[in-house]
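Encoded as structure tokens, the structure appears first; notes follow it.
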Amino acid sequence: MTPIIRPTDDKAFAEELIRQNMSGYYQQLDMRWDTDLFDKQWSELDSYELIINASPVGLLCINHDQDAYYIRELQIASAWQRQGLGTAAIHFTADTAQQAGIRLLRLRVFCINPAITLYERMGFRILKTAAGMHAMERRIL
């Protein structure tokens, strides 16, 4: 399934989706949601919504420096997971980076998150693991 990926400033949708998807990990890892940190980071990211049938079903937040594009959030509503939307978002990010002349994608993911399988299938490799998080990287050819 191919979503429409378009810029968004819908912070309420983004926060709700992230909190829904990540609450289980936060509970397992004894972490607490930090609204102030979310607000600060939201203003620093390029954010996109993934649209299916005119409804937002996913979120992609990225930023970059001179070396890499960073996937800061990739969230898909639970009813739409495992349908290729995450793959489409990663391809979108790789295309955006390539157009900017940047050849690396990076992300961080909880070690207990099954999305690691998707990232590895998409060519990401684990660079290091610390504090329950994998730092992963993929070259763009």
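We did not get these values from a lab; they are worked out from the coordinates using the rules stated. Only a predicted model underlies this, so the values are computations on that prediction, with no experimental measurement involved. Here Cβ is always computed from backbone atoms with ideal geometry, including for glycine, and neighbour counts include all displayed protein chains.
Ordered by residue, what ³J(HN,Hα) values in Hz, to whole numbers, does the range 96-113 give under the Karplus form 6.51 cos²θ - 1.76 cosθ + 1.60, where θ = phi - 60° and Gly and Pro are x?
3J(HN,Hα) across the range 96-113, in whole Hz: 4, 5, 4, 5, 8, x, 9, 10, 10, 10, 9, 7, 10, 8, 4, 4, 8, 7.
Hey, with R₀ at 22 Å, roughly what FRET efficiency would E137 and I52 work out to, going by the Cβ-Cβ distance, to 0.05?
With a Förster radius of 22 Å, E is 0.15.
Give, rounded to the nearest 20 debye, the magnitude of the charge dipole that the range 4-106 has about its Cα centre when Lys and Arg contribute +1 at Cβ and Asp and Glu contribute -1 at Cβ.
Taking the Cα centre of the range 4-106 as origin, the dipole is about 360 debye.
State the Cα centre-to-centre distance between the range 102-141 and the range 16-68 in whole Å.
With the range 102-141 and the range 16-68 each reduced to a Cα centre, they are spaced 16 Å.
HN-Hα J couplings of the range 54-71 from phi, Karplus 6.51/-1.76/1.60, θ = phi - 60°, integer Hz, Gly and Pro as x?
Values, residue by residue: 6, 10, x, 10, x, 9, 10, 10, 9, 8, 7, 10, 6, 9, 7, 9, 10, 8 Hz.
So which trypsin sites (Lys or Arg not before Pro) in the range 6-73 end up in coil per DSSP with only 16 or fewer other C-beta atoms within 10 Å?
Of the trypsin sites (Lys or Arg not before Pro), the ones in loops of the range 6-73 whose Cβ has at most 16 other Cβ atoms within 10 Å are R32.
Using the number of other C-beta atoms within 10 angstrom as an exposure proxy, rank M31, M22, M136 with the fewest first.
Final ranking by Cβ density, sparse to dense: M31, M22, M136.
Where does each of I18, I90 land when they are ranked from fewest to most other beta-carbon atoms within 10 angstrom?
In order of increasing Cβ crowding within 10 Å: I18, I90.
With a cap of 11 neighbouring Cβ atoms within 10 Å, and only residues DSSP puts in a loop, list the GluC sites (Glu not before Pro) found in the range 12-57.
Qualifying residues, ordered by number: E44.
Rounded to the nearest 500, what is the chain's calculated 222 nm mean residue ellipticity when only DSSP H runs of at least 4 contribute -39500 (n - 2.57) each, over all residues? Mind dumping the intermediate values first?
On the way: 4 runs with 48 residues, N = 141.
For the chain, the value works out to -10500 deg cm²/dmol.
What ranking of H91, H64 emerges when the number of other C-beta atoms within 10 Å of each C-beta is taken as an exposure proxy, fewest first? Could the numbers behind the result be given before it?
On the way: H91 14, H64 17.
Going from sparsest to densest Cβ surroundings: H91, H64.
Can you find, among I51, T87, I62, the residue farthest towards the positive end of the dipole of the range 4-106? Put +1 on the C-beta of Lys and Arg, -1 on that of Asp and Glu.
It is T87.
Just to be sure I understand: of the beta bridges DSSP finds with both ends in the chain, what percent are antiparallel, rounded to 5?
90 percent
Along the range 74-90, what does the Karplus equation 6.51 cos²θ - 1.76 cosθ + 1.60 (θ = phi - 60°) give for ³J(HN,Hα), rounded to whole Hz, x for Gly and Pro?
9, 10, 10, 4, 4, 5, 10, 6, 6, 10, x, 6, x, 4, 4, 5, 5
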